[in-house]
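K.L.:
So that we are looking at the same thing, I have put the structure below in structure tokens.
The values are calculated or read from the model by the stated rules, or taken from the named source; none is laboratory data. Only a predicted model underlies this, so the values are computations on that prediction, with no experimental measurement involved. Cβ placement follows ideal geometry from the backbone for every residue including glycine, while neighbour counts extend to all protein chains displayed.
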Amino acid sequence: MHLMKTNMLVRSLSNSATAAQMVKPPVQVFGLEGRYAAALYSAASKSKTLDTVEKELNSFKQSIKTDPKLKEFIINPTLKRSLKVDALKQVASKTNLCPTTSNLLGLLAENGRLDKLEAVINAFKIMMAAHRGEVTCEVITANPLDAEQKQNLEAALKKFLKPNETLQLTATVDPSLIGGMVVSIADKYVDMSVASKVKKYTELISAAI
């Protein structure tokens, strides 16, 4: 059922005569936004505009953040769908958006799903990162990492990657961890923080009382 709906989305997003044949994204994202993003990935693959679509959607997402009127227009549920479709067609024409990007915006407007636009963009970004062989890794530490610590950590994490993959490391600080770190890489999650150990020991002590 989901495949049938996705193929319908592909046909709606693509101008290609072979639109019904799905080009599967390198990673699956679940939910409604995942289906739209998968259809978008397929359509953009066939038209060889993956990079262009990603760039245009990122720019559009930034415009929503910086333009209150555009944001209100996107999320306002009282505006007629036909009005939104026409307005977005004008925006696409003025900003020279490629047909695939324009079709996505129009389809979301027609289906009353523009409130899902940011989620669709985020899902598409995940697919594009996988397409480029990028593996996202988030590291949270109690104190900032210095250059040597970060370099050593990257070297250790790269051992989890395949030869054609690259590491995209994001390091953030959370003093509540007390010490140690929390590492999230691809589908792996490891909590090595002191705060986690303290919580575990507290629960064990409480259970024994």
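K.L.:
Going through Gly112, Gly106 one at a time, which residue ends up being at positive phi and either outside any loop (DSSP other than H, G, I, E, B) or surrounded by fewer than 15 Cβ atoms within 10 Å (Cβ to Cβ) (or both)? Reasoning before the result, please.
P.N.:
On the way: Gly106 fails: at positive phi.
Gly112 is the lone residue from the list that is at positive phi and either outside any loop (DSSP other than H, G, I, E, B) or surrounded by fewer than 15 Cβ atoms within 10 Å (Cβ to Cβ) (or both).
K.L.:
For the subset of the range 80-103 comprising residues that are part of a loop (DSSP other than H, G, I, E, B) and modelled with pLDDT of 90 or more, which member is farthest from Ala37 (Cα to Cα)?
P.N.:
Looking at residues that are part of a loop (DSSP other than H, G, I, E, B) and modelled with pLDDT of 90 or more, I get Lys80.
Yes/no matrix, rows are residues, columns are (1) farther than 30 Å from Arg35 by Cβ; (2) surrounded by fewer than 17 Cβ atoms within 10 Å (Cβ to Cβ); (3) in contact with a Cys (Cβ under 6 Å, 6 or more places away or on another chain); (4) aliphatic (A, V, I, L, M):
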{"site": "Ala119", "(1), (2), (3), (4)": "no, no, no, yes"}
{"site": "Ala130", "(1), (2), (3), (4)": "no, no, no, yes"}
{"site": "Glu138", "(1), (2), (3), (4)": "no, yes, no, no"}
{"site": "Asn143", "(1), (2), (3), (4)": "yes, yes, no, no"}
{"site": "Gln149", "(1), (2), (3), (4)": "yes, yes, no, no"}
{"site": "Asn152", "(1), (2), (3), (4)": "yes, yes, no, no"}
{"site": "Ser196", "(1), (2), (3), (4)": "yes, yes, no, no"}
{"site": "Thr202", "(1), (2), (3), (4)": "yes, yes, no, no"}
{"site": "Ser206", "(1), (2), (3), (4)": "yes, yes, no, no"}
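K.L.:
Then there's this: Kindly indicate which of Ala44, Ala20 is at pLDDT below 90, hydrophobic (A, V, I, L, M, F, W, C), over 17 Å from Lys116 (Cβ atoms) and assigned by TED's automatic domain parsing to the domain that holds Arg113. Don't jump to the end; show me each part of the working.
P.N.:
On the way: Ala44 fails: at pLDDT below 90.
The conditions single out Ala20.
K.L.:
Considering only the range 64-74, state which residues are among the acidic types (Asp, Glu) and assigned to a helix (DSSP H, G or I). Reasoning before the result, please.
P.N.:
Residues of the range 64-74 among the acidic types (Asp, Glu): 67, 72.
Selection gives Glu72 alone.
K.L.:
Right, next: Does at least one position in the range 49-63 carry a residue that is in a helix (DSSP H, G or I), within 23 Å of Ala186 (Cβ to Cβ), in contact (Cβ under 8 Å) with a residue 40 or more places away in the chain and among the hydroxyl-bearing types (Ser, Thr, Tyr)?
P.N.:
no
Conditions (1) assigned by TED's automatic domain parsing to the domain that holds Ser45; (2) touching a strand residue (DSSP E or B) at 6+ places or on another chain (Cβ under 6 Å), marked per residue:
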position: Gly106; (1), (2): yes, no
position: Asn111; (1), (2): yes, no
position: Ala119; (1), (2): yes, no
position: Asp146; (1), (2): no, no
position: Gln149; (1), (2): no, no
position: Asp174; (1), (2): no, yes
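K.L.:
Looking only at the range 154-185, which residues are surrounded by 14 or more Cβ atoms within 10 Å (Cβ to Cβ), under 29 Å from Gln28 (Cβ atoms) and of a type in the set (Gly, Ala, Ser)?
P.N.:
Answer for the range 154-185, where residues must be surrounded by 14 or more Cβ atoms within 10 Å (Cβ to Cβ), under 29 Å from Gln28 (Cβ atoms) and of a type in the set (Gly, Ala, Ser): Ala171, Ser184.
K.L.:
Is it fair to say Ala123 is within 18 Å of Leu40 (Cβ to Cβ), assigned by TED's automatic domain parsing to the domain that holds Val23, in contact (Cβ under 8 Å) with a residue 60 or more places away in the chain and small (Gly, Ala, Ser)? Before the answer, list the steps.
P.N.:
On the way: within 18 Å of Leu40 (Cβ to Cβ): yes; assigned by TED's automatic domain parsing to the domain that holds Val23: yes; in contact (Cβ under 8 Å) with a residue 60 or more places away in the chain: yes; small (Gly, Ala, Ser): yes.
So Ala123 fits the description; yes.
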